[in-house]
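Undergrad: Sending over a structure as structure tokens; questions will come in a sec.
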Amino acid sequence: MLPGFLARTVEALLRHEGRSLHLKAAGAALLVLLVVMLTGSWAVVAAEQGARGAGLTTYPRGLWWSVETATTVGYGDFYPVTLWGRIVGVVVMVVGITTYGMVTAALATWFVGREHERRGRIAHQVGVDVRALHERFDRLERLLSARAKDG
């Protein structure tokens, strides 16, 4: 049941018309992060089961550890003591860091794109040809630097 739901969700994220590529990638990365945190919490509990000094012996503890590891908070209240538990931890860390980086970049790109569109609309409403304006500024800069060299 769950894999079918995940497949449909990923397909909906990637097919949504009008959504930019970076937002699709960020959405898919968040979904991957969710899956990695859920499976990582199960895997770390399985790896730690029966190990001496293990604190990650229940799924709720594993889930809490997975969330704090993916977000790089790392309170230190729970940590893996086995090799396989630490390998799971590395995977959860790398996916978490990558995902949050992608989401941050996607949001920043979205905000910059909206501001660029807003400025373009304003220039269009005022009747300013932005390209011609840039060309004039470039020509003025060339004239001013030529005068500075001559004088």
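The values are calculated or read from the model by the stated rules, or taken from the named source; none is laboratory data. On a predicted model such as this, the values are computed, not experimentally measured, just so you know. Virtual Cβ from ideal backbone geometry, glycine too; neighbours counted across all protein chains shown. All accessible areas refer to the heavy atoms of the entire protein, side chains included, with ligands and DNA or RNA removed. Shrake-Rupley method; radii C 1.70, N 1.55, O 1.52, S 1.80 Å.
Undergrad: Conditions: (1) assigned to a helix (DSSP H, G or I); (2) open to solvent by less than 70 Å² (accessible area, probe 1.4 Å); (3) modelled with pLDDT of 85 or more. Glu141 meets all but one. Number of the miss?
TA: (2)
Undergrad: For segment 64-83: of the residues being open to solvent by 60 Å² or more (accessible area, probe 1.4 Å) and among the aromatic types (Phe, Trp, Tyr), which is nearest to Val36 (Cα to Cα)?
TA: So in segment 64-83, the residues open to solvent by 60 Å² or more (accessible area, probe 1.4 Å) come out as 64, 72-73, 75, 77, 79, 83.
Checking which are among the aromatic types (Phe, Trp, Tyr) leaves us with 64, 75, 79.
Details: Trp64: 13, Tyr75: 20, Tyr79: 17 Å.
The selected residue is Trp64.
Undergrad: Okay, moving on. Of everything in segment 122-134, what is at pLDDT 75 or above and open to solvent by 100 Å² or more (accessible area, probe 1.4 Å)? Give them in sequence order.
TA: To start, the set of residues in segment 122-134 that are at pLDDT 75 or above comprises 131-134.
The answer is Arg131, His134.
Undergrad: Quick one: count up the residues across segment 33-91 that are of a type in the set (Val, Ile, Thr) and within 19 Å of the chain's Cα centre (by Cα).
TA: The first filter runs over segment 33-91 and keeps only residues of a type in the set (Val, Ile, Thr), leaving 35-36, 39, 44-45, 57-58, 67, 69, 71-73, 81-82, 87-88, 90-91.
Imposing the further condition that a residue be within 19 Å of the chain's Cα centre (by Cα) reduces the set to 35-36, 67, 69, 71-73, 90-91.
Result for segment 33-91: 9.
Matching residues to (1) at pLDDT below 90; (2) not aliphatic (A, V, I, L, M):
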{"position": "Tyr59", "(1), (2)": "no, yes"}
{"position": "Ser66", "(1), (2)": "no, yes"}
{"position": "Pro80", "(1), (2)": "no, yes"}
{"position": "Tyr100", "(1), (2)": "yes, yes"}
{"position": "Ala105", "(1), (2)": "yes, no"}
{"position": "Arg114", "(1), (2)": "yes, yes"}
{"position": "Glu117", "(1), (2)": "yes, yes"}
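Undergrad: Picking from Arg61, Arg119, Arg86, Arg114, which residue would you name as being within 23 Å of Ser20 (Cα to Cα), free of Cβ contacts under 8 Å to residues at least 24 places away in the same chain, touching a helix residue (DSSP H, G or I) at 6+ places or on another chain (Cβ under 9 Å) and open to solvent by 70 Å² or more (accessible area, probe 1.4 Å)? Let's see the steps before the verdict.
TA: Numbers: Arg61 fails: within 23 Å of Ser20 (Cα to Cα); Arg86 fails: within 23 Å of Ser20 (Cα to Cα); Arg114 fails: touching a helix residue (DSSP H, G or I) at 6+ places or on another chain (Cβ under 9 Å).
Answer to the check: Arg119.
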